[in-house]
Each structure stands twice: as C-alpha cells, then as structure tokens.
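> Before anything else, here's the structure in question.
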Amino acid sequence: MKKFITLFTVLFSMAFAGSAMAQDPVAAPTTMGFAEVGLGIGGCQGDCDNVDPSVGISVGGFYNVMPNIAAGVNFRYQMYGTDSGSLSSMMFSAEGRYYFPINPMMRAYGALALGYDKMSFEVDTAFGTVSGDDSALFVQLGGGVEYALSPVMFVGGTLRYQLNSWDDTEGDFNDWLLSVNFGYRF
C-alpha cells in the first residue's frame, strides 16, 4: 500500500509540474470564496467484499487564500449497500486545493484533505440485528475540474481517494468518490 501511495503521489505531482511553470499569471479572483455541493457514486477498496457501491453527498466552503490556492472545510456523507444490512460514513475534513487554469472558463485542481471519519453499520443475523460504529482519521487525495457557468456559478467534477487509519484489528477499508459539483462564488 505504501508503494501505491508513493507512486500515486509522484505521478500526480509530475503530471502538473511542467504545465504549472508554463502558464501565464492568473488574475486574482474577484470573489473571496465559494461554496459547493456535490453528488456522486463511490466505492471501497480493502476489506469490503460484500459492500456495494455507495451514493455520496458533499457540502463544502472555501476561502481563496491566493489566486490559485483555496482552503476550506468539507462534509461528506456516504451510504453503502451491503448483502445483509447497511453501512454509512460521515466525514469532516480540512482541505486545500491548488488550481491550474486551463482557459478563462475552466480550471483543474489537485486537492489534499485531512479529516475525521465516523462509520456506522447494521448487520442482520440469524440472532437479530447487530449494530455499531467506529471512527478514524484520514488523508484524502483528489483532483477535479471546474467550468464557469457565470461569474458566480460553476459546475465541476471531482475524484477523491481516502486513506483511513482504522485500527489493525478492524481491517482495511479505504473509499473513493466520483462526484458532480455545483458551486457559488461569493
């Protein structure tokens, strides 16, 4: 897993290194920040053999620190289907984004988030229903693209991969989400 993370990080940074240096300076945003809402489909990797794809919703608020850098907070809820019960996850994170302008209407970004994940489960057994919950800290890597519909409205897409720090006895459950986002600049 460490090799995968290292390889992903190196390839991700190399993909944007050359283009970032070749770009013209970008004018400062005319807004102080933005809020966005996303709806997507996700899944898991690791100990999740009987877990179906999930539906996730996210809500975030960001502040433009510099013309190409935004920092903010994000809340995400994902509900997974299982063969014999339910599994849901609520995540709170602090996120940073670095933007790469493509043209005046479109920009791509890379994202890094640190956060807290609270997972709840309910399993139906022959002896009744068993329920419980657990929590973990996580690191989330992501990227996306935004397209301006107007000076204050935008639509975009995001792909996120989350590395959770579950206890060794609890297994390995990392998740991902591919979402469509709608945003408003203020």
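> Find the residue count for the stretch 56-71, including only residues that are hydrophobic (A, V, I, L, M, F, W, C) and surrounded by 15 or more Cβ atoms within 10 Å (Cβ to Cβ).
First, pick out the residues of the stretch 56-71 that are hydrophobic (A, V, I, L, M, F, W, C): 57, 59, 62, 65-66, 69-71.
So of that shortlist, the ones also surrounded by 15 or more Cβ atoms within 10 Å (Cβ to Cβ) come out as 57, 62, 70.
Going through the stretch 56-71 one residue at a time, the tally reaches 3.
> Return the only residue of 120, 135, 179 being within 18 Å of residue 44 (Cα to Cα), out of contact with any Lys or Arg (no Cβ under 9 Å at 6 or more places or on another chain) and in a strand (DSSP E or B).
Values: 135 fails: out of contact with any Lys or Arg (no Cβ under 9 Å at 6 or more places or on another chain); 179 fails: out of contact with any Lys or Arg (no Cβ under 9 Å at 6 or more places or on another chain).
Residue meeting the stated conditions: 120.
> Pairs, please: C-beta under 8 Å, at least 6 apart or cross-chain, first residue at positive phi and in the stretch 42-68, second surrounded by 13 or more Cβ atoms within 10 Å (Cβ to Cβ) and assigned to a loop (DSSP other than H, G, I, E, B)?
Qualifying pairs under 8 Å: 46/172.
> Follow-up. What pairs come out if I take residues in the stretch 100-113 that are touching a residue at least 24 places away in the same chain (Cβ under 8 Å) and surrounded by 18 or more Cβ atoms within 10 Å (Cβ to Cβ) and pair them with residues that are of a type in the set (Asp, Glu) and in a strand (DSSP E or B) whose C-beta lies under 7 Å away, six or more apart or interchain?
107/146; 111/95; 113/95
> Can you find even one residue in the stretch 139-149 that is surrounded by 15 or more Cβ atoms within 10 Å (Cβ to Cβ), farther than 15 Å from residue 75 by Cβ, touching a residue at least 60 places away in the same chain (Cβ under 8 Å) and not acidic (Asp, Glu)?
yes
> Picking from 117, 124, 134, which residue would you name as being of a type in the set (Asp, Glu) and more than 21 Å from the chain's Cα centre (by Cα)?
Numbers: 117 fails: more than 21 Å from the chain's Cα centre (by Cα); 134 fails: more than 21 Å from the chain's Cα centre (by Cα).
Just a single option satisfies the conditions, and that option is 124.
Values in this text are rule-based calculations from the coordinates and carry no lab data. All values derive from a computational prediction rather than experimental measurement. No Cβ is skipped: glycine too gets one built from the backbone with ideal geometry, and neighbour counts run over all protein chains shown.
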